[in-house]
Amino acid sequence: RPERLKCVPAMRRAAWVGVLAAVLAAGLAAVVVKHTPNHDHLPEPLRPYRPWWVVALNALLPFVGVSQQGGLPSLKADDMLATASWVTGLTDLGQDSDHLKEGLGVLSTAMDKANYTATGRLLTWVQLQMILQTRLKIVDYANRHQEVREEAILAPVFVLGYPRSGTTWLQRILAVDETHFRSPLAWEIMDTVPPPTREESGGNSWRVTMARIGMALFKRLNPTFEAVHPIDPMNAEECMPILAMSGLSLHFNTLFNVPDYQKWLMKQDQRPALRWHKLFLQVLQSGWSKTTNIPTWLLKAPWHSNHLPDLLDVYPDARIVASTRDIAKVLVSISSLHGRFYPMVTDHIDPLYIGAIQLWQWLEMGRRLKHAQKLVDIQTVEYKNLTADPIAAARKLYEVYGWRLEQSVEDRMREFVERKGKRSNWIKHEYELEWFGLSDAVVREAFVGLV
């Protein structure tokens, strides 16, 4: 019939589209199969998560110039700074900019050896651009609002000690007392300028929504990381991403697998980084300055154990709390953390090398912390006590420092602990010392007298 004959060309076009789609799908499947890395030699919990679309991007992006080594986008220090300045329209990097440039130069050289995937190179570039652009904006804001530099950071509390010893847990429990304490929130570090008001810090801001989108992508790329270190825009965050804006931070080796940079960093004066840290707090605090009763800053980073004398030089009235834990558990847990971070940027995961670097790094920090103990009174919190009765551990600190723990605050702390406890029942962090070439005897012998 004539009306049926009119449909024939459309049916043929549809058939050809179907054939073309099938060919493209088959080709993409072949690319994914061919380029999916083999990590069968790794313990199952350390095997990188590679969704098909990430594998496909790693295979196809080099054809448009995004290559593993020396391609686009450029990770050279001068190029990254030029891009950040072009995007923001700002050029002033502020005080100690020479230290930032030197750190970026060392980092850039170290990244050349890291053998990133194409998507890893893109993620690294995006992260560094966020860091540099945020620094430019903070310096510009401080220059336009000179009163910011007059903000007093009084008697801040620093939680430090060995990593994976409960520092995050302790900080977030204490941060429930919002009347007494304030910690930089994850989203505030990501989007500092303009400094949020008290209402915005409470979550009433479109910037929080944007941070949630970014973190959702991170979790999609690395779903197992939630078992190691829970992240959320409204969480109290540690100091490492703040210090990263100075070019001097453990943040970089944690994310980007750059041990050469870390070896350089361990030899550096950390006061330039801490001066930047103080300016960051002053800018952030200025958003609340019109309110009464500015809370005490509650800050946290095991990395501060490396440079306690420098920290006390910048914050002479700081109060120091150190958490402690079985050192073998510390080493295997922090090694596992790095083993789960690095697959974000590379396919080359070497657990034995990770274990060796972590043993060297935290052994050196343990020596420095022991040497610095005579400089300041350090209150210690044992991990086993913190996990057995978090509220009792918090109450002890309140008593030592003469703080008042209101019953309503203690009730909120209990609710927080109960809520987070339910989460830990279904997310498990698996690790073994042997995966990282370590043993209980070797670790304990190395740390004799330091724990």
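Overview of values
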quantity: Any hit, the range 112-121, residues being touching a residue at least 40 places away in the same chain (Cβ under 8 Å), open to solvent by 60 Å² or more (accessible area, probe 1.4 Å) and touching a strand residue (DSSP E or B) at 6+ places or on another chain (Cβ under 9 Å); calculated: no
quantity: Candidates LYS267, LYS263 - the one that is at negative phi, of a type outside the set (Asp, Glu) and assigned to a loop (DSSP other than H, G, I, E, B); calculated: LYS267
quantity: Hits in the range 53-111 - residues which are under 22 Å from the mean Cα position of the chain (by Cα), assigned to a helix (DSSP H, G or I) and closer than 22 Å to LEU221 by Cα; calculated: VAL54, MET111
quantity: Boolean, LEU72 is hydrophobic (A, V, I, L, M, F, W, C) and open to solvent by less than 60 Å² (accessible area, probe 1.4 Å); calculated: no
quantity: Flag if LEU154 is crowded, with 22+ Cβ neighbours inside 10 Å and either at pLDDT 95 or above or in contact with a strand residue (DSSP E or B) (Cβ under 8 Å, 6 or more places away or on another chain) (or both); calculated: no
quantity: Residues (within 16 Å of LEU274 (Cβ to Cβ) and open to solvent by less than 40 Å² (accessible area, probe 1.4 Å)) located in the range 88-109; calculated: GLY94, ASP96, SER97, LEU100, GLY103
quantity: Test: residue in the range 213-228 that is free of Cβ contacts under 8 Å to residues at least 60 places away in the same chain, open to solvent by 10 Å² or more (accessible area, probe 1.4 Å) and not in a helix (DSSP H, G or I); calculated: no
quantity: Residues (under 19 Å from the mean Cα position of the chain (by Cα) and without any contact (Cβ under 8 Å) to a residue 24 or more places away in the chain) located in the range 188-208; calculated: ARG207
quantity: Subset of the range 337-395 that is of a type outside the set (A, V, I, L, M, F, W, C) and in contact with a strand residue (DSSP E or B) (Cβ under 8 Å, 6 or more places away or on another chain) - its residue that is surrounded by the most Cβ atoms within 10 Å (Cβ to Cβ); calculated: TYR383
quantity: Matching residues in the range 320-336 - criterion: being crowded, with 19+ Cβ neighbours inside 10 Å and not in a helix (DSSP H, G or I); calculated: ILE320, VAL321, ALA322, SER323, ARG325
quantity: Extreme residue, modelled with the highest pLDDT, among residues of the range 79-118 that are of a type in the set (Ser, Thr, Tyr) and touching a Lys or Arg at 6+ places or on another chain (Cβ under 7 Å); calculated: THR88
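The values are calculated or read from the model by the stated rules, or taken from the named source; none is laboratory data. In this text, all values refer to a predicted model and were calculated from it rather than measured experimentally. Cβ sites come from the backbone with ideal geometry, for glycine too, and all protein chains shown count toward neighbours. Heavy atoms of the whole protein, side chains included, go into the accessibility calculation; ligands, DNA and RNA do not. Shrake-Rupley method; radii C 1.70, N 1.55, O 1.52, S 1.80 Å.
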